[in-house]
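Below: one structure in structure tokens.
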Amino acid sequence: MDIRRLLRADIDELEEYTPVKPLEVLAAEIGVPVERLVKLDANENLYGAPEAVFTAIAGADLHIYPDPSQTALRKAIASFAGVSPEQVVAGTGADDLIDILLRLTLPEAVVIPTPAFGMYSFLARISQAKPIEVPRGPGFELDVAAVRAAVEESGAKVVFVTSPNNPTGNPLSRAEVEELCALEALIVVDEAYIEFGGETAVPLIAGHPNLVVLRTFSKWAGLAGLRVGYAIATPELAREMMAIKQPYNVSVAADVGARAAIEHRGEVFETVRCIVAERERMSQRLAAFDWLEPLPSAANFVLVRVLGREARSVRDGLRKRGVLIRYYDRPDLANYIRISTGRPEDTDRLIEALHSLEDE
Ligand SMILES: *Cc1c(COP(=O)(O)O)cnc(C)c1O
């Protein structure tokens with residue numbers, strides 16, 4: 001039997017999402033021990049989560065199903081974010097919320113200012129929505145007029161924007177978000193990096209029922225592997241999201257782990273402060289190379305323009321030296337690499353590796 005006859009007709013056109021590989025796999029490929037790898041390719045918090053998170057997870061009742069209404073978690077997130085629990089929906093990472101919003105709206109098209117986080121177009125295609133890319137300006141600033149034109153022309157019901165943007169690092173102003181909210185579309189503002197800089201759009205939700213803000217514990221809280229994210233919206237929209245989500249989307253471990261991170265946020269924000277300071281130090285060190293041009297960033301990574309060398313070969317050369325960074329195989333980022341901010345010792349290893357590239 002030809003199993004492909006049973007699959008959706010567009011299966012071959014769906015591009016695969018290229019995820020980062022597990023550490024052990026990378027270490028084996030490169031031929032260095034895991035502890036020698038400097039992982040600056042996925043914007044993780046290399047300080048890791050506070051001990052209290054691990055203690056909470058160790059004590060969790062894993063034989064019991066999680067709470068589908070997420071009562072305790074939504075309450076904790078709400079007080080952390082300064083909203084009411086009815087405005088919060090938690091998910092298996094922010095990615096789950098993106099998917100829930102697509103399934104709630106079933107749009108024919110979605111508008112994405114690019115360069116952007118790849119998950120929007122990946123999940124849109126799976127939901128049979130056409131991703132319409134609207135290029136950002138020369139300094140990667142949002143082109144609001146072009147977004148408006150794209151929405152009006154296509155009738156797209158959803159716009160995905162990121163602030164601070166991944167991979168460019170620049171945030172949106174409140175005024176820009178307000179302009180977007182005037183469009184006849186659901187405006188999804190992804191604030192995956194808001195704890196590192198930029199101005200949140202959350203206060204605008206009260207006046208704009210078509211605004212949803214996405215956040216995650218993956219970046220600031222060092223919990224990328226636990227998979228917890230959340231959306232903040234009007235109670236009406238949040239109710240509909242709750243109604244169609246997978247009832248048990250947030251595991252018991254993720255639920256208690258995320259709440260422990262909130263409870264111990266003082267400790268977590270200590271690492272966020274270190275990362276923000278380190279981002280500035282790393283940018284200065286990078287700018288000292290005459291072939292690197294780091295862009296300003298409000299996130300926990302820096303987009304760097306590479307001059308007179310191939311960005312891909314810089315990525316490959318660093319990789320051989322055990323330093324992992326992100327390279328993008330797309331025309332609008334042809335000469336760029338993205339480097340996450342780690343601890344001071346990670347920056348030092350990066351700079352050392354860059355110097356040794358120069359001697360090749
Ligand atoms: C990393 C990232 C996310 C991922 O969130 P998860 O909670 O890990 O699913 C979402 N949006 C952007 C822009 C990101 O860079």
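Read-outs: derived from the displayed coordinates by stated rules, not from any lab. Being a predicted model, the structure only gives us computed values, none of them experimental. Cβ placement follows ideal geometry from the backbone for every residue including glycine, while neighbour counts extend to all protein chains displayed.
Taking the Cα centre of the stretch 237-283 as origin and charging only Cβ (+1 Lys, Arg; -1 Asp, Glu), how large is the dipole, in debye to the nearest 20?
Numbers: 7 positive and 7 negative charges, 26 e Å.
Charge dipole of the stretch 237-283: 120 debye, to the nearest 20.
Here's a follow-up. Using a 7 Å offset from the Cα along the Cα-to-Cβ direction at both Glu29 and Asp332, what is the distance between the two label points in nm, to one decimal?
Result: 2.6 nm between the two label points.
Another question about this same structure. Note down the magnitude of the dipole of the stretch 155-277 about its Cα centre, charges +1 on Lys and Arg C-beta and -1 on Asp and Glu C-beta and zero elsewhere, to the nearest 20 debye. Numbers along the way, then the final one.
Working: 10 positive and 14 negative charges, 70 e Å.
Taking the Cα centre of the stretch 155-277 as origin, the dipole is about 340 debye.
Next up: Specify the residue with the greatest mean-square fluctuation among Lys219, Lys21, Lys75, computed from a Gaussian network of the chain linking alpha-carbon atoms under 10 Å apart.
Its mean-square fluctuation being the largest, the pick is Lys21.
Any idea what Rg and Dmax come out to for the chain if you just take the C-alpha atoms, in Å?
Expressed in Å, the Cα Rg and Dmax of the chain come to 20.6, 61.
At 4 °C and a viscosity of 1.567 mPa s, what translational diffusion coefficient does Stokes-Einstein give for the stretch 180-275, taking Rh as the Kirkwood radius over Cα pairs? Give it in µm²/s as a whole number. Walk me through the numbers on the way to the answer.
Values: Rh = 14.7 Å.
For the chosen part, D equals 88 µm²/s.
Let me spell out the model: positive unit charges on the Cβ of Lys and Arg, negative unit charges on the Cβ of Asp and Glu, origin at the Cα centre of the stretch 1-107. What dipole size does that give, in debye rounded to 20? The partial results should precede the final answer.
Numbers: 9 positive and 18 negative charges, 55 e Å.
It works out to roughly 260 debye.
Okay, moving on. In the stretch 47-81, whose amide N lies under 12 Å from the spot 7 Å out along Cα-to-Cβ of Val20? List them in ranges.
47-48
Rule-of-thumb check for the stretch 274-360: C-alpha Rg over 2.2 N^0.38 Å? Intermediate values should be presented prior to the final figure.
Working: Rg = 11.8 Å, N = 87, 2.2 N^0.38 = 12.0 Å.
For the stretch 274-360, the normalised Cα radius of gyration comes out at 0.99.
What is the gain in length, in nm to one decimal, between Leu7 and Arg281 on full extension, counting 0.36 nm per residue of separation less the C-alpha to C-alpha distance? Walk me through the numbers on the way to the answer.
Numbers: separation 274, 0.36 × 274 = 98.64 nm, distance 5.07 nm.
Full-extension gain reported as 93.6 nm.
Please express the Cα-Cα pair-distance distribution P(r) of the stretch 212-360 as a list of whole percents, one per 5 Å bin, running from 0 to the bin with the greatest distance.
Each 5 Å bin holds this share of Cα pairs: 2, 8, 14, 17, 15, 12, 11, 10, 6, 4, 1, 0.
Give me Rg/Rg_expected for the stretch 81-163, where Rg uses Cα atoms only and Rg_expected = 2.2 N^0.38 Å with N residues.
Numbers: Rg = 13.6 Å, N = 83, 2.2 N^0.38 = 11.8 Å.
Working it through for the stretch 81-163, the quotient is 1.15.
Then there's this: Over the stretch 97-188, what relative contact order in percent results from Cα pairs under 8 Å that are six or more residues apart?
Details: 145 pairs, mean separation 27.8, N = 92.
Reported relative contact order: 30 percent.
Then there's this: Determine the relative contact order of the chain: mean sequence separation of Cα pairs under 8 Å and six or more apart, normalised by residue count, in whole percent.
Values: 655 pairs, mean separation 82.2, N = 360.
Taking the mean separation of contacting Cα pairs over the length of the chain, I get 23 percent.
Roughly how many nanometres apart are two label points built 7 Å out from the Cα toward the Cβ at Ser79 and Glu310?
It is 5.5 nm.
So, in nm, how far is label Tyr47 from label Glu352 when the simple model puts each one 7 Å beyond its Cα toward the Cβ?
Going by the 7 Å Cα→Cβ label model, 2.3 nm.
Just the number: Rg to Rh for the stretch 28-93, Cα atoms, Kirkwood Rh, two decimals.
Numbers: Rg = 17.3 Å, Rh = 15.5 Å.
Looking at the stretch 28-93, the ratio lands at 1.12.
Could I ask something else about it? Could you give the Stokes-Einstein D for the stretch 203-243 in µm² per second, using the C-alpha Kirkwood radius, 20 °C, 1.002 mPa s? Don't jump to the answer; show the numbers that get you there.
Working: Rh = 11.3 Å.
Result for D is 189 µm²/s.
Using only the alpha-carbon atoms of the stretch 35-138 as identical scatterers, what base-10 log of I(q)/I(0) does the Debye formula give at q = 0.10, 0.11, 0.13 Å⁻¹?
For the stretch 35-138, the Cα-only Debye profile gives -0.48, -0.58, -0.79.
Reported to two decimal places, what Rg/Rh ratio describes the stretch 97-141 when computed on Cα atoms with Rh from the Kirkwood expression? All intermediate terms of the calculation are to be shown ahead of the outcome.
Values: Rg = 11.0 Å, Rh = 10.8 Å.
We get a ratio of 1.02 for the stretch 97-141.
Cross-link candidates for Lys157: which aspartates and glutamates have Cα within less than 17 Å, leaving aside residues fewer than 8 places away along the same chain?
Excluding near neighbours in sequence, the set is Asp99, Glu108, Glu133, Glu178, Glu179, Glu184, Asp190, Glu240.
With springs connecting C-alpha atoms under 10 Å apart, model the chain as a Gaussian network and identify which of Ala49, Ala298, Ala78 has the largest mean-square fluctuation.
Among Ala49, Ala298, Ala78, the largest GNM mean-square fluctuation belongs to Ala78.
To continue, here is another question. If you restrict to DSSP beta bridges whose two residues both lie in the stretch 142-276, what percentage is antiparallel, to the nearest 5?
Details: 4 of 13 bridges.
Antiparallel bridges: around 30 percent, rounded to the nearest 5.
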